[in-house]
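In what follows, a structure is listed as structure tokens, so that the remarks can point back to it.
The values are calculated or read from the model by the stated rules, or taken from the named source; none is laboratory data. Predicted model only: the values in this text are computed from it and were never measured. When we count neighbours, we look across all protein chains shown, and the Cβ atoms used for this are built from the backbone with ideal geometry, even at glycine.
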Amino acid sequence: MKCYLCGGNGDIKQQKGRSVCKACFCRLLEKRIRKHARVNKLFSKDDRILVTGDVNKYLVKSILKDLPVKLFFKRKEDKKFIKEKNINKVVVEWTMDDENNRFMKGIFNDESYEKMPEKYVKLLIAVTDDEIKKFAEIKKLDFKENKKDKDVQGLLDKVEKKHPNIKYNLLRNIKGLNKLTDGS
């Protein structure tokens, strides 16, 4: 199939049966993540940001190239380092699948859903594990998905096959519920 955007070789199948080439796929994914960062005002002038993971490092450098912030890069979160360097934001590798899985696991196990503290930035929440793995593969970056409840993830993946936008819709509803419970 051809890429529906540029007419090139459509290597990657997307929703609605459309295909895109690798370059367009990466551009679309980065655009979605940038929009998420902008709309949610994830970063501000003079932030001191710890970035974890290769994919986040790549994206944060791209997104924040002109914003005066102090960036620190580490493979994993380091609480001692955060305190020493007075870090006010930590960019974690947390995807849409992670958020949906944690929320649904809480429902199925009758556990309360606790939001991450404000300082944690979920830059990848606008994309699925599969999308970010494909992006990382194309860009030759390291990405390891977080552990998830296998039963919950299996259910979400199964429902996704029948209802292609369910993960996006679930995430939108989680955000809506969070706003209601925050009193916003």
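Surrounded by fewer than 17 Cβ atoms within 10 Å (Cβ to Cβ) and in a helix (DSSP H, G or I): does that describe residue 156?
Here the answer is no, as residue 156 does not meet what is asked.
Within the range 101-108, does at least one residue satisfy the condition of being within 28 Å of residue 158 (Cα to Cα), not in a helix (DSSP H, G or I) and not small (Gly, Ala, Ser)?
No - not one qualifying residue is present in the range 101-108.
With the condition kept exactly as written, say whether any residue in the range 4-19 is among the aromatic types (Phe, Trp, Tyr) and crowded, with 17+ Cβ neighbours inside 10 Å.
There is no residue in the range 4-19 that is among the aromatic types (Phe, Trp, Tyr) and crowded, with 17+ Cβ neighbours inside 10 Å.
Identify the single condition in (1) under 12 Å from residue 55 (Cα atoms); (2) surrounded by fewer than 19 Cβ atoms within 10 Å (Cβ to Cβ) that residue 135 does not satisfy, given that it satisfies every other one.
(2)
Does the range 51-78 hold any residues that are surrounded by 13 or more Cβ atoms within 10 Å (Cβ to Cβ) and among the hydroxyl-bearing types (Ser, Thr, Tyr), and which are they?
Correct list: 52, 58.
From the set of residues in the range 20-47 that are basic (Lys, Arg) and without any contact (Cβ under 8 Å) to a residue 12 or more places away in the chain, which is surrounded by the most Cβ atoms within 10 Å (Cβ to Cβ)?
27
How many of the residues in the range 13-65 are part of a strand (DSSP E or B) and among the basic types (Lys, Arg)?
Residues flagged as part of a strand (DSSP E or B) and among the basic types (Lys, Arg) within the range 13-65 amount to 2.
Would you say residue 143 is among the aromatic types (Phe, Trp, Tyr), buried (at least 19 other Cβ atoms within 10 Å of the Cβ) and either over 16 Å from the mean Cα position of the chain (by Cα) or not in a loop (DSSP other than H, G, I, E, B) (or both)?
When the stated conditions are applied, residue 143 does not pass them.
Within the range 64-115, count every residue that is free of Cβ contacts under 8 Å to residues at least 24 places away in the same chain and either on the phi > 0 side of the Ramachandran plot or among the β-branched types (Val, Ile, Thr) (or both).
2
Only one of (1) crowded, with 20+ Cβ neighbours inside 10 Å; (2) within 19 Å of residue 60 (Cβ to Cβ) fails for residue 120. Which number is that?
Unmet condition: (1).
How about the range 70-100: which of its residues are part of a loop (DSSP other than H, G, I, E, B) and either at pLDDT below 95 or not β-branched (Val, Ile, Thr) (or both)?
Scanning the range 70-100 gives 75, 76, 77, 78, 85, 86, 88, 93, 94.
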